[in-house]
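Have a look at the structure below, then the notes.
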Amino acid sequence: MASMRDIKRRKGSIQSTQQITKAMKLVSTVKLQRARANAERSQTYFNCMYNTVNSILSRVGHMEHRYLMSGKSPKKAVIVITSNRGLAGGYNSNVVKLVTRNENWNKEELLIYAIGNKGRELLQRGGYEIKEVLPEIIEEPAYADAMHLAQRLLKAFEEEEIGEIYLAYTSFKNTVSHVPTLLKLLPVEMEGEQPSDSASQDAIMNFEPEDIEALDMIVPKYMASLIYGAMVEAVASENGARMQAMDNATSNAEEMISDLALKYNRARQGSITQELTEIIAGAEALG
């Protein structure tokens, strides 16, 4: 059985850790409020852009365009959005699993564009090729950063260095619900089936300028919008996950402190009982 001194030292250590987890929870809560507001503001545009492109493709039918056809290269670019810091539960590992556990992918075909250091560390350890590391842009997501990344990826796609582009991030639903999501960016694919309503199917869509030129202008903005929206949602999800993790850690520390307090009291009671027994035995010996 541990001595009273050991129990007291252990209890003090856990109390210090609990103070840290409480502080981290408060910080994450404040950051979550701001990140959630940003995510909610951008979500409407994010969804509207995604639905608009799908609506266009559902009406134009088959169109030969470089953004709608897989490139000749077998390489796949995967944008992996994680955090630069840990202590967020399974937030980072769940995103990485989208890449490492995809049965349709070969490790040798993937080029990782890591937004956030934790994803880069986990994937690099697993032997994946890290094409680019962008830890700074996840700290304060900006549309300009998303646009620059989209332009580099589009250039690589057009030069047939890569044949497909994917986005792995954590979608923010609410404070306690964060869903790891894998989204295909290029070639653009229509989601689901075409509308069954005959009016929707027969609707004529006219382009000004022509349809190919329209897609040339829309797709880069579409990609940049999805990347930016994913970064904003990822930041909100990260802070929500860290807040939950620190709350759980604080609760666990409280339970451990209570358990150690009980053990300390038992050890103290045992020590007092032993001292009393020795005094009584000594008194009886003298008598």
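The values are calculated or read from the model by the stated rules, or taken from the named source; none is laboratory data. Everything quoted here is computed from the prediction, not taken from an experiment. Note: ideal-geometry Cβ built from the backbone for every residue, glycine included; neighbour counts use all protein chains shown.
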Where S55 falls short, out of the listed (1) touching a residue at least 12 places away in the same chain (Cβ under 8 Å); (2) part of a helix (DSSP H, G or I); (3) not aliphatic (A, V, I, L, M): (1)
Residue count, the range 44-67 (criterion: touching a helix residue (DSSP H, G or I) at 6+ places or on another chain (Cβ under 7 Å) and modelled with pLDDT of 70 or more): 8
Number of positions in the range 146-163 that are assigned to a helix (DSSP H, G or I) and touching a residue at least 24 places away in the same chain (Cβ under 8 Å): 10
Contacts under 7 angstrom Cβ, first residue in the range 63-82 being at negative phi, partner among the aliphatic types (A, V, I, L, M) and surrounded by fewer than 17 Cβ atoms within 10 Å (Cβ to Cβ), 6 or more apart: H65/I212
Filtered residues of the range 237-263 (kept if buried (at least 19 other Cβ atoms within 10 Å of the Cβ) and under 20 Å from D6 (Cβ atoms)): A253, L260
